[in-house]
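Report on the following structure.
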Amino acid sequence: MNTLPWLHPERVALLEKALDQRILILDGGMGTMLQTHSLGETDFRGQRFVDGHDQHHHGHNHDHPGGCDLKGNNDLLTLTRPEIIRGVHEAYLEAGADLIETNTFNATRISQADYRLEHLAQELNREGARLARAACAAMEARTPDRPRFVIGVLGPTSRTASLSPDVNDPGFRNVDFTELVTNYTESASGLLDGGADLIMVETIFDTLNAKAALYALSELFRQRGHRVPVMISGTITDRSGRTLSGQTAEAFWYSVRHARPLSVGLNCALGAADLRPHLQTLARVAECHVSTHPNAGLPNAFGEYDETPAQMAEVIGSFARDGLLNLVGGCCGTTPAHIRAIAEAVQGFPPRALPGLATEAA
């Protein structure tokens, strides 16, 4: 993965220069923003799926959503309501984001199977990257001294290779490594075709899924003869400080460091304050950059997030002050107001020094 030339060497040079100079800002929640639009089934279907068939696809009956509801398939809005997705990207760029994540969290065959839209996986990724690329290019044209980057998102899929979905049969699996690799290869291929500057394997609750994604990327890069930087972001699922598949933050890092990522980090599941000890661990052990994009606190009884931009910015400001961060943004419950407050809170603090570089300098 790491001996191949960069796909966009000039973009990587700009990114590395920016990372040396300051803490970079990721965007915030996509679903949170989409909820404010109160979208209905017709919005998700658009013209293309108006009668339950994909007007662009002439496959067999099982290739269309039929009587299946499409509401909630946020990735599909990239095709049916692209102006809304572009608007979310633009709002985060206005708020100060340096890096925009594609709207592709569930854009794998495995996850799209819930809507009988498996055949859209590659297109969703390609168009998701194009939309984000267009938003970033427009912002760069206004502020040419500050490049903006597109992160192609590979979500965890809705299945886990390490755990059984059946409590009565611990040995059972509903997905295997090979199927995950095939899914991730197809999706990543679309992200690269659409113009992603980086790929992020994110919200990792199962390290085996992540290893499948990293293997898929290494093979895809090898086939194409060039690579893009890779970001890795796990999720600590509860206050025990472990991922769902049982690893601490430190164990997680040692499981994925062979991929020599641009960054490793933690996102989702917990609010910033609860993530702090685990972020400190990563900041201590990781030889690469460290990122975090936490939720706006823990969900309340209604599944909503109560942490205000000011509260979140105060905690994240302390992360920056203590030298824990290279990249920071928000996950569930965060909005452009949160990102703006976070950007202001970390401004002026130097990015975390990479341990390897610190030792070389010494």
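Positive contributions from Lys and Arg (+1) and negative ones from Asp and Glu (-1), summed over other residues with Cβ under 13 Å from the Cβ of Phe319, come out at 0. Listed peptides 338-346, 298-306 appear in the order 338-346, 298-306 once ranked by packing, highest mean of other Cβ atoms within 10 Å at the front. What number comes out for the charge environment of Gly241, summing +1 per Lys or Arg and -1 per Asp or Glu over other residues with Cβ under 14 Å away? Taking every other residue near Gly241 into account, the sum is 0. Peptides 264-276, 308-320 ranked from most to least packed, by the mean per-residue count of other Cβ atoms within 10 Å: 264-276, 308-320. Dipole magnitude for the stretch 9-361: computed about the Cα centre from +1 point charges on Lys and Arg Cβ and -1 point charges on Asp and Glu Cβ, it is near 740 debye. The residue among Gly28, Gly265, Ala121 whose Cα reaches farthest toward the positive pole of the charge dipole of the chain, with charges on the beta-carbon of Lys, Arg, Asp and Glu, is Gly265.
Where does the charge balance sit around Leu76 when Lys and Arg score +1, Asp and Glu -1, over other residues with C-beta under 12 Å from its C-beta?
-3
Across the chain the C-alpha pair distances fall into 10 Å bins from zero in the proportions 5, 25, 36, 26, 7, 1, 0 percent. Counted by neighbouring Cβ atoms within 10 Å, the residues His293, His119, His56 run from fewest to most as His56, His119, His293.
From the Cα gyration tensor of the stretch 188-240, with a ≥ b ≥ c the square roots of its eigenvalues, which class applies: rounded if a/c is under 1.5, or else prolate if a/b is larger than b/c, or else oblate?
Because a/c hits 1.5 or more and a/b exceeds b/c, the stretch 188-240 counts as prolate.
Neighbour counts of other Cβ atoms within 10 Å put Thr32, Thr42 in the fewest-to-most order Thr42, Thr32. Between 0 and 90 degrees, the angle of helix 207-224 with respect to the longest Cα principal axis of the chain falls at about 80 degrees. Fewest-first ordering of Met30, Met200 by other beta carbons within 10 Å of each residue's beta carbon gives Met30, Met200. Over the stretch 172-270, the alpha carbon radius of gyration divided by the compact-protein estimate 2.2 N^0.38 Å works out to 1.07.
No lab work stands behind these numbers, since they all come straight from the coordinates. Values in this document were obtained by computation on a predicted structure and should not be read as measured data. Methodologically, a virtual Cβ is constructed for each residue, glycine included, from the backbone with ideal geometry; neighbour enumeration extends over all protein chains shown.
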